Every structure is written in C-alpha cells, then in structure tokens.
1. Among the residues of the stretch 180-196, count how many are part of a helix (DSSP H, G or I), touching a helix residue (DSSP H, G or I) at 6+ places or on another chain (Cβ under 6 Å) and free of Cβ contacts under 8 Å to residues at least 24 places away in the same chain.
2. Of the numbered conditions (1) at pLDDT 90 or above; (2) under 24 Å from Lys63 (Cα atoms), Val104 fails exactly one; give the number of that condition.
3. Here's a check for you: in the stretch 46-96, which residue that is β-branched (Val, Ile, Thr) and in a helix (DSSP H, G or I) is farthest from Gln19 (Cα to Cα)?
4. Counting only residues that are at pLDDT 90 or above and hydrophobic (A, V, I, L, M, F, W, C), which one in the stretch 183-208 is most open to solvent (accessible area, probe 1.4 Å)?
5. I'd like the full set of residues that are of a type in the set (Phe, Trp, Tyr) and within 26 Å of Ala87 (Cβ to Cβ), limited to the stretch 151-187.
6. Output the residue which, of all residues in the stretch 43-62 that are touching a residue at least 24 places away in the same chain (Cβ under 8 Å) and buried (at least 19 other Cβ atoms within 10 Å of the Cβ), is nearest to Glu134 (Cα to Cα).
7. Looking at Ala176, Ala165, Ala171, Ala201, can you tell me which residue is more than 20 Å from Val112 (Cα to Cα), under 22 Å from the mean Cα position of the chain (by Cα) and part of a helix (DSSP H, G or I)?
8. Pick from the stretch 72-95 the residues that are closer than 23 Å to Glu190 by Cβ and at pLDDT below 85: which of them is surrounded by the most Cβ atoms within 10 Å (Cβ to Cβ)?
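The values are calculated or read from the model by the stated rules, or taken from the named source; none is laboratory data. Just so we're clear, the structure is a prediction, and the values are computed from it rather than from any experiment. Cβ placement follows ideal geometry from the backbone for every residue including glycine, while neighbour counts extend to all protein chains displayed. SASA here: full protein model, heavy atoms, side chains in, ligands and nucleic acids out. Shrake-Rupley method; radii C 1.70, N 1.55, O 1.52, S 1.80 Å.
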Amino acid sequence: MTIAPTSLRRRPVQQRSTQRVERMLSACAELVSELGYDGVTTTLIAERAGVAVGSLYQFFPDKKAVVAELTRRNLDDFLARVREQLAASAPGDWWGAVDTVFDVYVAMHRTVPGFSRLHFGDAVDLQLLDERKENNALITDGLTRLLAPRFEIAAESLRLPLAVAIEAADAVLNLAFRRDPIGDGHVVDEAKAMIRGYLSARLDPATE
C-alpha cells in the first residue's frame with residue numbers, strides 16, 4: 001500500500017535499473033546513519049552505491065529527492081510490517097494492535113539504517129513526502145486505513161487521537177535514541193505507557 005508519491009524523476013523499467021536505484025537508496029541510508037543528513041552528498045551516495053553520479057541524476061534531481069524516496073520506502077515498509085504482524089498475531093483487542101504498531105516502529109528505529117535519524121522525513125522537511133500534507137499525516141492516514149475497519153471504529157473518530165499519539169511517540173522516542181543508540185529501554189517503556197494512557201482516555205473501542 002503506497003500512500004506517498006514517488007520522488008523519482010523517472011521510474012526504472014528494467015531490472016538492472018531497479019537494482020541500481022535500490023543500491024542508491026541503501027547507500028543513502030547507510031550514509032545518513034553514519035554522517036547525518038547534512039554530511040551526505042549525491043557524490044558520496046553514488047560512490048557508495050558503485051554508480052556514476054550521472055546515473056544518480058537520471059533518477060533523482062538532488063540529495064533531498066533521494067532521501068524522500070528512501071523515506072517513502074520506509075513508510076511503505078512500516079505499514080507492510082504492521083499489516084503482516086497483525087495478520088500473524090491476530091490480536092483480539094485494540095491494545096494488542098496498538099502495541100504491535102509501537103513495537104514495529106521501535107524495531108525499525110533499531111534495525112533499519114538511517115531510520116532513527118530520518119524517522120519518516122521530519123528531520124529533513126515536515127512535508128518531505130508530499131507537499132500537500134505533513135509526513136506524520138500520511139502515517140496517520142495509513143494506520144487509520146489499517147486499524148479502523150479491523151476494529152470497526154469510525155475513521156474520523158480514530159484519526160485525531162492517532163495523529164496526537166504519533167507526534168507524542170516521536171518526541172519521546174527521539175529522547176530514547178539520543179540517550180542510547182539502540183534506544184534507552186526505560187524511556188521506550190515510558191513512551192509505550194504514555195501512548196496507552198493517552199489513547200485509553202480518548203479512545204477505547206471496548207467502551208463504545
């Protein structure tokens with residue numbers, strides 16, 4: 001389920017071109033993890049990916065576009081992981097689903113190169129993925145589409161509480177990963193408790 005527009009100048013058609021673009025995105029992720037966004041250049045991305053910088057410019061106009069496409073890929077991956085985990089664990093209650101979403105997000109912070117620095121693009125531009133919407137609004141939209149029908153909650157009842165929970169979780173998880181590169185476990189636990197407490201006060205399907 002792709003919910004953000006692509007930042008590619010043109011889509012790769014042949015398998016070789018697709019693999020080249022994937023190498024560029026992976027190289028960008030590694031470099032952002034090592035150097036931060038400001039330390040990355042298109043030349044460094046091309047060198048790490050093993051391609052000519054001219055080849056990079058065939059698909060991306062600049063570094064920001066590469067990061068935007070990487071972020072779009074991460075967002076698609078996040079929603080796919082949530083969907084797969086929900087299908088595999090089949091949580092019977094709302095809170096099991098909330099925990100699943102939170103745990104997937106933390107796992108991506110810990111395991112996906114560059115993710116803890118970029119998140120979903122807000123470290124670069126709050127509207128990196130779509131000039132019409134903030135990045136977190138796209139996450140809210142995607143999670144609302146996944147969770148609302150599953151728990152028979154009206155989408156409009158779910159959207160605002162999810163948006164607030166996402167913003168709050170981002171802020172506290174930023175603290176967790178500033179304190180420890182793999183995320184301070186105590187702060188992560190506090191973030192989960194905070195989100196549960198907030199959502200229980202605003203939205204509890206069991207009481208509707």
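1. Within the stretch 180-196, the first condition is being part of a helix (DSSP H, G or I), and the residues that meet it are 185-196.
Restricting the remaining residues to those that are touching a helix residue (DSSP H, G or I) at 6+ places or on another chain (Cβ under 6 Å) gives 187-188, 191-192, 195.
When the remaining residues are screened for being free of Cβ contacts under 8 Å to residues at least 24 places away in the same chain, the result is 187.
Counting residues in the stretch 180-196 that are part of a helix (DSSP H, G or I), touching a helix residue (DSSP H, G or I) at 6+ places or on another chain (Cβ under 6 Å) and free of Cβ contacts under 8 Å to residues at least 24 places away in the same chain gives 1.
2. Val104 satisfies all of (1) at pLDDT 90 or above; (2) under 24 Å from Lys63 (Cα atoms) except (2).
3. Kept after step one, since they are β-branched (Val, Ile, Thr), are these residues of the stretch 46-96: 51, 53, 66-67, 71, 82.
Next cut, in a helix (DSSP H, G or I) only: 53, 66-67, 71, 82.
Values: Val53: 16, Val66: 15, Val67: 17, Thr71: 17, Val82: 25 Å.
Among them, the one singled out is Val82.
4. This residue is Met194.
5. Narrowing the stretch 151-187 to residues of a type in the set (Phe, Trp, Tyr): 151, 177.
Phe151, the sole residue that qualifies.
6. Once the filter is applied, the top-ranked residue is Phe60.
7. Details: Ala176 fails: more than 20 Å from Val112 (Cα to Cα); Ala171 fails: more than 20 Å from Val112 (Cα to Cα); Ala201 fails: under 22 Å from the mean Cα position of the chain (by Cα).
Matching residue, one of Ala176, Ala165, Ala171, Ala201: Ala165.
8. Residue satisfying both the conditions and the ranking: Trp94.
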